[in-house]
Amino acid sequence: MVDRERLAQLFEGAPRFLDRLAAAGPFDTDDELFATARRIAHAMPEADQVELIDAHPRLGAPPGTVSALSYHEQGYDRGAGTADDALVDVAAELERLNAAYEARFGFRYCVFVAGRPRAALLPGFAAALRPDVDREAELHRALDAVVDIAIDRQRTLTRATVEAST
């Protein structure tokens with residue numbers, strides 16, 4: 001059983017989504033929880049979908065403004081960037097891409113970082129801004145990313161709990 005506080009950690013808040021997800025429980029398994037989360041996320045009104053996506057910080061957001069889990073996911077706990085980061089001003093490029101993406105789509109770019117360096121995220125981010133990318137498809141891709149991030153967070157938190165108890 002996952003409590004509301006844990007759900008808020010997994011999904012970065014998003015109260016209207018959390019209300020729906022909590023009301024759909026209890027869940028016997030994590031698979032059931034996340035399948036329900038994905039179904040709810042895709043079925044909600046668009047304003048609530050945007051709230052859920054925008055609950056996540058921007059890629060490259062200042063380290064002091066992100067949750068502890070986002071801090072780790074975005075690599076701030078691993079120090080300075082990689083050699084790739086030296087080739088391009090990654091922070092400036094992320095800022096530019098964030099602004100362009102939000103102006104075009106009306107919500108934040110959300111992707112499962114999975115420990116990748118920020119420079120490795122730039123090509124996918126830029127590709128999302130191609131003229132042939134459909135807003136509706138991008139909205140649904142971002143909603144799937146939110147759930148994928150939550151799945152990974154659940155694994156991370158469960159692993160940490162198990163390690164702390166041994």
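Since every read-out is calculated from the coordinates, none of them should be taken as a lab result. Everything numeric here is computed off the predicted structure, so don't read it as measured data.
Per-structure values
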read-out: ³J(HN,Hα), Karplus 6.51/-1.76/1.60, whole Hz, each residue of the stretch 50-59, x for Gly, Pro; value: 5, 4, 5, 5, 6, 5, 7, x, 5, 4
read-out: Karplus-derived 3J(HN,Hα), 6.51/-1.76/1.60, for each residue of the stretch 106-115, Hz, glycine and proline x; value: x, 7, 6, 6, 10, 9, 6, 6, 6, x
read-out: From phi via Karplus (6.51, -1.76, 1.60), per-residue ³J(HN,Hα) for the stretch 17-30 in Hz, x at Gly/Pro; value: 5, 4, 4, 5, 5, 4, 5, 7, x, x, 10, 6, 9, 5
